[in-house]
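Chemist: Shown below is the structure under consideration.
The values are calculated or read from the model by the stated rules, or taken from the named source; none is laboratory data. In this text the structure is predicted, and so the values were computed from the model without any measurement. When we count neighbours, we look across all protein chains shown, and the Cβ atoms used for this are built from the backbone with ideal geometry, even at glycine. When the accessible area is computed, the model is the full protein with side chains, heavy atoms only, and any ligands, DNA or RNA have been set aside. Shrake-Rupley method; radii C 1.70, N 1.55, O 1.52, S 1.80 Å.
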Amino acid sequence: MYGLSESDLDIQKRAAAFADELIPFEVDAELAGGELPAEVTKAHAARAREMGLCATNMPAELGGGGCTALQQVLVQEQAGRVTNALGWVAATPPSWLPAVATADQLDRYVRPAVRGEREECYAITEEGAGSDVAAIEATARRDGDGYLLNGVKWHVTSYNTADFAFFQAKLDGGAHHGEHAMFLVDLPSPGVRVVRTPAYTHTISHHHPIVAFTDVRVPAANLIGAEGDGMAFAYEWFRFERLMVAARCLGAAGRLTGEMTAFARERQAGGRPISEYGLVGGMLADSLTELFASRALLYETARGIDAGADVKVSHAQCSMAKLYCSEMAGRVADRAVQVFGGRGYMRENVAERFYRELRVERIWEGTSEVQRAIIAGQMVKRGPAALA
Ligand SMILES: Cc1cc2nc3c(=O)[nH]c(=O)nc-3n(C[C@H](O)[C@H](O)[C@H](O)COP(=O)(O)OP(=O)(O)OC[C@H]3O[C@@H](n4cnc5c(N)ncnc54)[C@H](O)[C@@H]3O)c2cc1C
C-alpha cells in the first residue's frame, strides 16, 4: 500500500520495532511525572541511534541519515505511536542549519548534534509574540566583536535537556536596525536564567520554561547567516516541524484506532461485544476513514517535497497536513476515550494520555487558525488547483 519502496519499508519496519520497544515504558513515565531513570533514557537514545533512526533529516555527508522527506515521515509516524514523548529520542537536529552554517558552526553545533552529542532548543516565542513572530521584542545589539542579547522567551521546549539555544531577536542599531536575526547561544551562558518552569497538560520529561536572556554576550561567529535573515530560518523550521507534527499525529491516531478496535471487539455489554453497537462502530469507522485520508495527504505532501515542489506550494501543503492530521488525531483521541468508557479516563490508558498530549499539536508550530490563514492566503495567490 502507498507505493512504498524497499528502503521505505525497511526504515518503517525498524521504526515500528523501536516504538514497540518503548511502549512498555509509557505508564512508568506517566506516573513518574514524565521521567524515566536516566540510564533507561540513555539506553533508549542509544538504541534509536543503533537502529538508524536518529538524524534521519540530516545530510549523509554530515553523518546524518540523508533520508527522503517521506522516510522521515515514516519514522516520525512510528515515534508518534508512543506517548509521553518517549519517541523524541529519535532526534531530528535542525536540518535547515547546514545550508546556512559557517564551517565553524558546522563543527561546533551541526556535526555534534548529528552524533547525538549536542541538543538544541528554540527561544523564539515571547509573552507578547506567539503566532505573530514579527512582534518579538528581544534585541541583539552589536558590541565589539560580538552581540549582546536581551529578551524573555516563553515555552522554551527542551531547555532542561538542551545545551544550546536558537535565539531570535530584532537588531538594535546598525544598518539592519529592527530586522530579525538568529543566534546560537551555548547553555549554560552567563546572563541566561530560568524565570520559572510552568506545569503543562502533558506529562513529559522535556520542560518548557520561561527563560530570561540578560546582556548575554555571544561572539559574532554565533550569528546564523546574515543580519536580517532571522525570519527566513523560522519559516524553514516551521515547514519541517509541521510535517513531523503531522506524522506523529498520524502515528498516535493509528495506535488509538488499533487499540479501540481491539477493545471494542472484546468488551462485552448487554451480552455482546460493544463493536456490534452501531454508535460504537461509527466511532471506529470514522476514525479509520479519517486516518486513511490523513495518511494519503501527508505522504503525498512528503513526496512533493522529494520531487522538488515549489517551496510556497510545499509550505501550504505542510500547513494542510499539520492542520488536518492534528485535528483528526484530536477527534480520534476523543472517540478512543469514549470507546474505552471509564477506563479511557485512567492515566494508565493510552487513550487518556493521548487525549491530553495531542491537544498541543493544534497549538505549537503555528495554531490551526494560523495554518488556515496560510492555506487561504496561498489559495488566493495561486489558486486552489496549484495546491491540491
Ligand atoms: C507546550 C508548548 C511548547 C512550545 N515550544 C516552543 C518552543 O520550543 N519555542 C518557541 O519559540 N515557542 C514554543 N511554543 C510556543 C507556540 O509556538 C505558541 O504558543 C503558538 O505559536 C501560539 O502562540 P501564542 O501562545 O502566543 O498564542 P497567540 O498568538 O496569542 O494566539 C491566541 C489565539 O489567537 C489566535 N490567533 C492569533 N493570531 C491569529 C490570526 N492571525 N488569525 C487567526 N487567529 C489568530 C490563535 O490561533 C489562538 O487561538 C510552545 C508552546 C507550547 C504550548
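Chemist: Where the Cα atoms of the stretch 128-262 are projected onto their three principal axes, how long is each span, largest first, in whole Å?
Modeler: Largest first, the stretch 128-262 extends 65, 28, 26 Å along its Cα principal axes.
Chemist: So what is the orientation-averaged projected area of the stretch 176-250, using the convex hull of its C-alpha atoms, in nm²?
Modeler: Convex hull of Cα atoms, orientation-averaged projection: 7.0 nm².
Chemist: Further question: With charges only on Cβ, +1 for K and R and -1 for D and E, what is the dipole size of the chain about its Cα centre, in debye, rounded to 20? Let's see the in-between values first.
Modeler: Values: 39 positive and 49 negative charges, 158 e Å.
In total the dipole reaches around 760 debye.
Chemist: Say the dipole of the chain comes from +1 at the beta carbon of Lys and Arg and -1 at that of Asp and Glu; which of Gly282, Gln168, Gly254 then lies farthest toward its positive end?
Modeler: Farthest along the dipole direction, towards plus: Gly282.
Chemist: Using a 1.4 Å probe and ignoring any ligands, DNA or RNA, find the accessible area of His44 and quote it in Å² to the nearest 10.
Modeler: His44 exposes around 20 Å² with every protein chain in place.
Chemist: Then there's this: Pull up the cross-link candidates among the aspartates and glutamates for Lys170, meaning alpha carbon to alpha carbon under 20 Å and not fewer than 8 places away within one chain.
Modeler: Filter leaves Glu126, Glu127, Asp132, Glu137, Asp143, Asp145, Glu179, Asp186, Asp215, Glu227, Asp229, Glu236.
Chemist: If you don't mind, there's one more thing I want to ask. Please give every one of the lysines within straight-line cross-link reach of Lys381, meaning a C-alpha to C-alpha distance under 23 Å, and leave out same-chain neighbours fewer than 8 residues apart.
Modeler: Within the straight-line cut-off, Lys381 pairs with Lys312, Lys322.
Chemist: With a 4.7 Å Cβ cut-off, tell me which Cys residues in the chain come up empty for a partner.
Modeler: Cys54, Cys67, Cys121, Cys318 - these cysteines have no disulfide-compatible partner (Cβ-Cβ under 4.7 Å) in the chain.
Chemist: Given a 1.4 angstrom probe, what's the average accessible area per residue across the chain, in square angstrom?
Modeler: Computed with neighbouring chains in place, this is 44 Å² per residue.
Chemist: With a sphere of radius 11 Å drawn around the Cβ of Pro93, what net charge do the other residues whose Cβ falls strictly inside it have (Lys, Arg +1; Asp, Glu -1)?
Modeler: The answer is 0.
Chemist: Per 5 Å bin, what is the whole-percent P(r) computed from every C-alpha pair distance within the stretch 227-275?
Modeler: Here the calculated profile for the stretch 227-275 is 5, 18, 12, 11, 10, 9, 8, 7, 6, 5, 4, 3, 1, 1.
Chemist: Please report, to two decimal places, log10 I(q)/I(0) for the chain at q = 0.15 Å⁻¹ as given by the Debye formula with identical point scatterers on the Cα atoms and no solvent.
Modeler: With one equal scatterer per Cα and no solvent, log10 I(q)/I(0) is -1.46.
Chemist: Given C-alpha coordinates of the stretch 1-150, what is the ratio Rg to Rh with the Kirkwood estimate of Rh? Let's see the in-between values first.
Modeler: Numbers: Rg = 18.3 Å, Rh = 17.6 Å.
We get a ratio of 1.04 for the stretch 1-150.
Chemist: Compute the Rg to Rh ratio over the stretch 339-385 from the alpha carbon atoms, using the Kirkwood formula for Rh, and round to two decimal places.
Modeler: My calculation of the ratio gives 1.31.
Chemist: In addition: Going highest first, how would you order 253-265, 360-372, 325-337, 28-40 by mean Cβ packing within 10 Å?
Modeler: 325-337, 253-265, 360-372, 28-40
Chemist: Follow-up. Inverting the mean 1/r over all pairs of different Cα atoms, compute the Kirkwood radius of the stretch 43-95 and quote it in Å.
Modeler: 11.0
Chemist: Computed on alpha carbon atoms, what radius of gyration and Dmax characterise the stretch 1-90, expressed in Å?
Modeler: Using the Cα atoms of the stretch 1-90, the pair Rg, Dmax is 13.6, 41 Å.
Chemist: Here's another thing I want to ask about it. Taking H as built 1.01 Å from N, whose amide H comes closer than 5 Å to the amide H of Asp143, not counting residues under 5 places away?
Modeler: Sorted by chain and number, the residues that satisfy this are Leu148.
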